[in-house]
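Participant: Attaching a single structure in structure tokens format; questions to follow.
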Amino acid sequence: MIQEEDLTVDGAMTDPKGDRSLTPGKQADPDLFTHVVEKRKDGIVVRSAKAHQTGALNSHWILVMPTMTMTKEDSDYALSFVAPADAEGIFYIYGRQSCDTRKLERGEIDVGNKEFGGHEALMVFDNLFVPWENVFMCGEYEYSGALVERFAGYHRQSYGGCKVGVGDVLIGAAALAADYNGAAKASHIKDKLIEMMHLNETLYACGIACSAEGHQTASGNYLIDLLLANVCKQNVTRLPYEIARLAEDIAGGLMVTMASEQDLRHPEIGKIVEKYFKGIASVPTEHRCRVLRLIENVTLGTAAVGYRTESMHGAGSPQAQRIMISRQGNLEHKKKLAKEIAGIKD
Ligand SMILES: Cc1cc2nc3c(=O)[nH]c(=O)nc-3n(C[C@H](O)[C@H](O)[C@H](O)COP(=O)(O)OP(=O)(O)OC[C@H]3O[C@@H](n4cnc5c(N)ncnc54)[C@H](O)[C@@H]3O)c2cc1C
């Protein structure tokens, strides 16, 4: 149905989690993890919230999953279901983003990227009723670990595509800034752009690799290679920061000190802004302003929510991938190989 009707589904995994050192049932407030509060003949009643929900307000359905592996004593928290995004019993508190006020500015240049944006929201389940036909897991805690591992795996794979797309835009913007600055021919600028492309394609290669190394499961769909998906996401927690650092280097300080679009268009001071923010003579100052604002937007502005912090924490903070890499990395096999080559016999 989702594919045929081309619907958008919010993958709702992250619980508020309260005190991170305590399990769900030991929290001072039991609602800090999503749980079932009533089982009825026709369905279940759910209370709690999901935090950080990307695109929640423009999704048609929500797919709720446990935030982590649950044990027997927390089986009320082993819960997975779908619900229409506008079902009675769900409401949203829209997230504030850094530089939100920029959206209130007049004109379009200072917004940096007026075409695309994103949002996150807190999704609250206020005694939400879910009919049994929409419930996939309710108490089967033994499967919660595998579900979290697999969903996170797909999500970690996907970052090898989406963050790389943003990276392409940022590399292009940095190259334009160098062109407009008259610095494009400098060997260190060329080398920095090469480094940015190398880092970005490394992320892409990982995304492709964990897909190509995937296998078909008994249900018929394909599962990505979990080790490589976690390596992909671990790289995503690092390389975009280096790409952003290089973009800021190439852009120059004007990306954060430049006058506003209102000043650029001002009847009196506009020509002064035009004159002193000019780069190479053949390119209008406005082009330079536009591209610098785009770099600011991706590295420091609203798009940095996705390019930086989501790269760090989305689909799990870096430590979550390291745990998976340690589980999937098969260190014993590697030791066996080394012993064989070194001629060590036990
Ligand atoms: C922009 C953005 C978009 C997102 N979109 C979605 C979405 O659409 N759907 C969704 O479900 N989630 C989404 N997430 C949530 C994301 O999965 C979480 O941010 C991530 O799992 C980390 O959880 P947290 O933010 O609560 O961090 P925290 O749990 O507060 O972690 C902060 C730090 O504490 C450490 N830590 C936490 N608990 C422990 C512990 N028990 N022991 C040791 N160290 C610990 C972590 O490793 C990390 O270093 C999004 C996040 C961001 C930033």
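The values are calculated or read from the model by the stated rules, or taken from the named source; none is laboratory data. All figures in this text were calculated on a predicted structure; none of them were measured in a lab. Here Cβ is always computed from backbone atoms with ideal geometry, including for glycine, and neighbour counts include all displayed protein chains. Ligands, DNA and RNA are excluded from the accessible area calculation, which covers all protein heavy atoms including side chains. Shrake-Rupley method; radii C 1.70, N 1.55, O 1.52, S 1.80 Å.
Participant: State whether region 144-336 is rounded, prolate or oblate according to the following rule on the C-alpha gyration tensor (a ≥ b ≥ c being the square roots of its eigenvalues): a/c under 1.5 gives rounded; otherwise a/b larger than b/c gives prolate, and the remaining case gives oblate.
Facilitator: It is prolate, given that a/c is not under 1.5 and a/b is the larger ratio.
Participant: Count the net charge of all other residues whose Cβ sits under 10 Å from the Cβ of LEU203, scoring Lys and Arg as +1 and Asp and Glu as -1.
Facilitator: Cβ neighbours under 10 Å give a net charge of +2.
Participant: From the square roots a ≥ b ≥ c of the eigenvalues of the alpha-carbon gyration tensor of the chain, which class results: rounded (a/c under 1.5), prolate (a/b over b/c), or oblate?
Facilitator: It comes out oblate by the Cα gyration axes.
Participant: Let me ask something else about it. Hey, what angle do you get for helix 285-299 against the long axis of the chain, alpha-carbon based, 0 to 90 degrees rounded to 10?
Facilitator: Between the helix axis and the principal axis of the chain, the angle is about 20 degrees.
Participant: To the nearest 20 Debye, how big is the dipole of the chain about its Cα centre, given +1 on the beta carbon of each Lys and Arg and -1 on that of each Asp and Glu?
Facilitator: Dipole size: approximately 1220 debye.
Participant: Multiplying the sequence separation of ILE341 and ARG327 by 0.36 nm and subtracting their Cα-Cα distance, what value in nm do you get?
Facilitator: Gain in length upon complete extension: 2.6 nm.
Participant: Also, quick follow-up: HN-Hα J couplings of region 246-263 from phi, Karplus 6.51/-1.76/1.60, θ = phi - 60°, integer Hz, Gly and Pro as x?
Facilitator: Result, ordered by residue: 5, 4, 5, 4, 5, 5, x, x, 4, 4, 10, 10, 5, 5, 7, 4, 4, 5 Hz.
Participant: So, one more: Carbon-plus-sulfur fraction of the accessible area of the chain, 1.4 Å probe, in percent?
Facilitator: Roughly 56 percent of what the probe reaches on the chain is carbon or sulfur.
Participant: Related question: Against the longest principal axis of the chain, how steep is helix 318-328, in degrees 0 to 90 to the nearest 10, with axes from Cα atoms?
Facilitator: On a 0 to 90 degree scale, this one is about 50.
Participant: Using R₀ = 35 Å, calculate the FRET efficiency as 1/(1 + (r/R₀)^6) where r is the Cβ-Cβ separation of SER282 and SER98; round to 0.05.
Facilitator: 0.50
Participant: For helix 331-342, report the angle its Cα long axis makes with the longest principal axis of the Cα atoms of the chain; keep it between 0 and 90° and round to the nearest 10°.
Facilitator: For helix 331-342, the angle is close to 80 degrees.
Participant: Could you work out how far apart the two model spin labels at HIS215 and GLU274 are, taking each label as a point 7 Å from the Cα in the direction of the beta carbon, and quote it in nm?
Facilitator: 6.6
Participant: Per DSSP helix of 4 or more residues, -39500 (n - 2.57); summed, then divided by the residues of the chain. What does that give at 222 nm, rounded to the nearest 500?
Facilitator: Result for the chain: -13500 deg cm²/dmol, rounded to the nearest 500.
Participant: Per residue, what volume in Å³ does the convex hull of the Cα atoms of region 49-186 enclose?
Facilitator: Per-residue hull volume (Cα only) is 159 Å³.
Participant: Moving to a separate point now. Check the chain for me: any Cys whose beta-carbon has no other cysteine beta-carbon within less than 4.7 Å?
Facilitator: CYS99, CYS138, CYS162, CYS210, CYS289
Participant: Can you pick out the pairs among LYS190/LYS275; LYS163/LYS190; LYS163/LYS192; LYS26/LYS72; LYS72/LYS335 whose Cα atoms lie more than 24 Å from each other?
Facilitator: LYS190/LYS275; LYS72/LYS335
Participant: Per residue, how large is the accessible surface of the chain? Use a 1.4 angstrom probe and give square angstrom.
Facilitator: I get 54 Å² per residue for the chain.
Participant: Please compute P(r) over all alpha-carbon pairs of region 227-304, binned at 5 Å starting from zero, and give each bin as a whole-number percent.
Facilitator: Going out from 0 Å in 5 Å bins, region 227-304 shows 3, 14, 21, 18, 14, 10, 7, 5, 4, 3, 1, 0, 0 percent.
Participant: Taking the Cα centre of the chain as the origin and placing charges on Cβ (Lys, Arg +1; Asp, Glu -1), which of ALA173, ALA342, GLN53 is farthest toward the positive end of the dipole?
Facilitator: Comparing the listed Cα positions along the dipole, ALA342 ranks first.
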